[in-house]
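The values are calculated or read from the model by the stated rules, or taken from the named source; none is laboratory data. Here the structure is a predicted model, which is why all the values come from computation and not from measurement. Cβ placement follows ideal geometry from the backbone for every residue including glycine, while neighbour counts extend to all protein chains displayed. Surface areas here come from the heavy atoms of the whole protein model, side chains and all, with no ligands, DNA or RNA. Shrake-Rupley method; radii C 1.70, N 1.55, O 1.52, S 1.80 Å.
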Amino acid sequence: MKNQSRGLSVILPNNTKLNMTVGLKDRGQDVFNQVSELLVVSDLHLFGLSVVKDNQPLFLDLEQKLSLYLPKSWRKNTSKEEVVLSLKVQYFVENAQLIVNSEARQLYYAELKGRVLRSECFEQEGLYFQLAAYALQADLGDYEEPNFAYFSPQGFFPFWIIQKRGNDYILKHIPTLHRELKGMSSSEAALHFMQEALTLSDVPITIYRMFKEKKNKAQGCILIGLAFGGLQISETLNGKQQFLYDMPWSDIHSITFQGRKFDIRAEGLREQKMVFYSFSVLHAINLLQHISNSHRLHLNTKPLVMRLKEKNDGGTHREMYITDGADLDMDDSDDELPPMKFLLDQMRTTGTTECTNVKDSDVSMGPCGLEMSVDEPEEMFVDDPEDILRLVELVEGVSVDGPLLLPISYWTGHI
């Protein structure tokens, strides 16, 4: 049967829209490759394609067909509404210096900048002013005097700060901070912005909405925040959000699901576990694999983060992973491959998973009783001397080749 063509759009982190033609039988990886080619960016390993399904954001398993995630009207070519996917950061890293590809770093910066505009860390108001200064230096370069209203506060500050301080206050005080960054390159300013933005608790986090009851969704919902350091659990009641638990990876014993039912066992919980329900089996599978892959990436980048911290404390942070030709508007060398490939490959050898089959109304893809062990290993990267050598090479900025990010289908079908 002929692979009929369909249209869709992909929204980038900088809000640019790519209009694309894909095949009805195409998989997520086909779209991802097409985006990579259009952007001329080979390293998008920390990004994923997101779609809103059943009013819930969902990252695509790139090995699955698009038709699994998109409406039937799109498949039948009767849709009157535009079908939209979004290219978003799927895996946050603790240190932005790990992102060595300049084009990927630019996309990462754009997403963090958008997230900062929606951030509500009220107790850190001063940090938003410093972030705005870094963003202005990255976007516009050195401050030029006299230049009063040379930017729009709406593009650099959350609404609540503009509402609290007013445009005139911001336009009066920001130039002083911007002026202090004179001579800083665009790439360096963007890196500083990303490093500081990652310290805001509501920026490097992906929120998933769950339910307390299997059938009664009106009883309030549970918000699972997936961050690079673990999970953050909140509850929404009567329109108000209440923080419940901060769970570092080391405190989590296991996460299991059966159908839509989730079970988290961790230190600090009242009964040592929490039970809640996802919107569908498809959402449950994708969420658990996102958690599993994020945890493994956290473990595999920990040695590098520690080494980077040691070097940064020694005063060399501006040189780490930033070469003379690594500005945001310059191409990377073709033979310079990012270490993230190597780190993501290590996810093959960590964690444990047990699977049985499950079928949903529109999905038959993987485990029903999948359990992820999230115990922290005592040692990382010390079994093989060659691994140690490669790790040292990575920290020193040497390129290392390796396979791409593992798709969800790998974990559901090969473990």
**Asked** How big is segment 246-318 on each of its three principal axes, counting only the C-alpha atoms and giving the largest first in Å?
**Response** 50, 28, 15
**Asked** Taking the Cα centre of segment 1-152 as the origin and placing charges on Cβ (Lys, Arg +1; Asp, Glu -1), which of Y128, L60, L46 is farthest toward the positive end of the dipole?
**Response** L60
**Request:** Provide the per residue accessible area, probe 1.4 Å, for segment 177-306, rounded to a whole number of square angstrom.
**Result:** 41 Å²
**Request:** Between Q124 and T199, with labels modelled 7 Å along Cα→Cβ, what's the label distance in nm to one decimal, could you check?
**Result:** 0.8 nm
**Asked** Of the peptides 141-151, 249-259, 161-171, how do they stack up when ordered by the mean number of other Cβ atoms within 10 Å, highest first?
**Response** 249-259, 161-171, 141-151
**Request:** Just read off the accessible area of L127 with the full protein assembly in place, 1.4 Å probe, to the nearest 10 Å².
**Result:** 30 Å²
**Asked** So how do Y277, Y108 rank on accessible area, 1.4 Å probe, biggest first, that is with the largest at the start?
**Response** Y277, Y108
**Item:** Estimated inter-spin distance, K80 and S152, nm [label 7 Å along Cα→Cβ]
**Value:** 3.2 nm
**Request:** Evaluate E = 1/(1 + (r/R0)^6) for K72 and K172, where r is the Cβ-Cβ distance and R0 equals 51 Å; express this FRET efficiency to the nearest 0.05.
**Result:** 0.40
**Item:** Of K53/K212; K65/K113; K72/K113; K240/K302; K214/K240, pairs whose Cα-Cα distance is over 24 Å
**Value:** K65/K113; K72/K113; K240/K302
**Message:** If each residue of separation counts as 0.36 nm, what is the full-extension length gain between N312 and Q4 once their alpha-carbon separation is subtracted?
**Reply:** 105.6 nm
